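Coordinate-derived values only; no laboratory data. Computed from a predicted model, the values in this text were never measured in an experiment. Cβ placement follows ideal geometry from the backbone for every residue including glycine, while neighbour counts extend to all protein chains displayed.
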């Protein structure tokens, strides 16, 4: 099977599990955000190809001869980058998806797993901390707040259409919400909330202040990468038996405030860190939580790693990474 974006955050964790379970894996990644070091422990047991999936030929090289593609590759970043570069985010992701889907059809790949995102949901349904958890059908009428979400929605629409056209391709789709854990970017400007907070806490008090954008009251759902990988595996296993599985939400159903997340990071650090907020820097969503009943029912999947345990593991990973990094990171 092929894993696009397999040297990235979710991809590297997934590839490690696939190899442990005896799968033959081809990894396609342009290493823009991925890192071959993430695959060091399995490097001798995979077919790694440095490819840019925005190029038609490279997408073909990634999928030729494959029976399954797990499509994780995308132009991803922190929320600030999504807001500042909407055009390039949209165009890059549309290109990647178009070329990978077309290559899968051209090479008659029978099973296509697509990693979608909770960013497909309309922004106006996420403007209150008391907003109900989003169900899969809430994606329509479509009005995502970020172009990243629009691109993911277009990928879903194309693949669901192909599944209905009896193209011979079995499609499974998971909308991943709040994944975090090992191999995730920790860079302060471009990283996601939990690894960035862990980074700041590890380097505190040298790195001050411990300040977050917004008010701290915003609600989020987070899912440790080990659980996300387990859900993807279920999608791949069960998707072989039907033309279309999903979309299904993949996350925890625990809605926690940004302040509670920051407090958990501080507890895990063992440091006395004052938490500050900058409400003048607004976040586009007051709530980003999803209802996962469909995944529980159709996949038999539920997350197993509690939030504080996941943060503890992530903090340990970030701490080890920073200790090994050159001075100045």
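For this structure, a couple of remarks:
- In this simple spin-label model, placing a label point 7 Å from the Cα along the Cα-to-Cβ direction at both residue 84 and residue 157 gives a separation of 3.0 nm.
- GNM on the chain, alpha-carbon springs under 10 angstrom: the most fluctuating residue among 129, 250, 15 is 129.
- The peptide list 191-198, 163-170, 65-72, 274-281, put in order of mean Cβ contacts within 10 Å with the highest first, becomes 191-198, 65-72, 163-170, 274-281.
- Its relative contact order, with pairs defined as Cα atoms under 8 Å and 6+ residues apart, puts the chain at 18 percent.
- Helical content alone sets the calculated 222 nm signal of the chain at -12500 deg cm²/dmol, taking -39,500 (n - 2.57) per DSSP H segment of four or more residues and averaging over every residue.
- Against the chain, whose longest principal axis is taken from its Cα atoms, helix 193-203 shows a tilt of about 50°.
- For the chain, the longest principal axis of the alpha carbon atoms and the long axis of helix 307-324 meet at an angle near 90°.
- Using every pair of distinct Cα positions in segment 117-211, the Kirkwood expression returns a hydrodynamic radius of 16.0 angstrom.
- Under the criterion of Cα pairs below 8 Å and six or more residues apart, the relative contact order for segment 1-128 equals 26 percent.
- Stretchable slack from residue 275 to residue 32, in nm (0.36 nm times residue separation minus alpha-carbon distance): 84.2 nm
- Taking the fewest neighbouring Cβ atoms within 10 Å as the starting point, the ordered list for 146, 105 is 105, 146.
- Compared with the dominant Cα axis of the chain, that is its longest principal axis, helix 147-164 is turned about 30°.
- Each of 116, 44 has some number of other Cβ atoms within 10 Å of its Cβ, and from fewest to most they run 44, 116.
- Scoring 45-58, 215-228 by mean Cβ neighbours within 10 Å over their residues and listing the highest first yields 215-228, 45-58.
- Packing, taken as the mean count of other beta carbons within 10 Å per residue, orders the peptides 18-30, 200-212 from highest to lowest as 18-30, 200-212.
- Length added when fully stretched, residue 322-residue 17, from 0.36 nm per residue minus Cα-Cα: 107.3 nm
- Pairwise label distance in nanometres, residue 254 with residue 67, each label 7 Å out on the Cα-Cβ vector: 3.8
- Where a label projected 7 Å from the Cα of residue 143 along Cα→Cβ would reach, residues of segment 262-306 with amide N under 19 Å: 283-289
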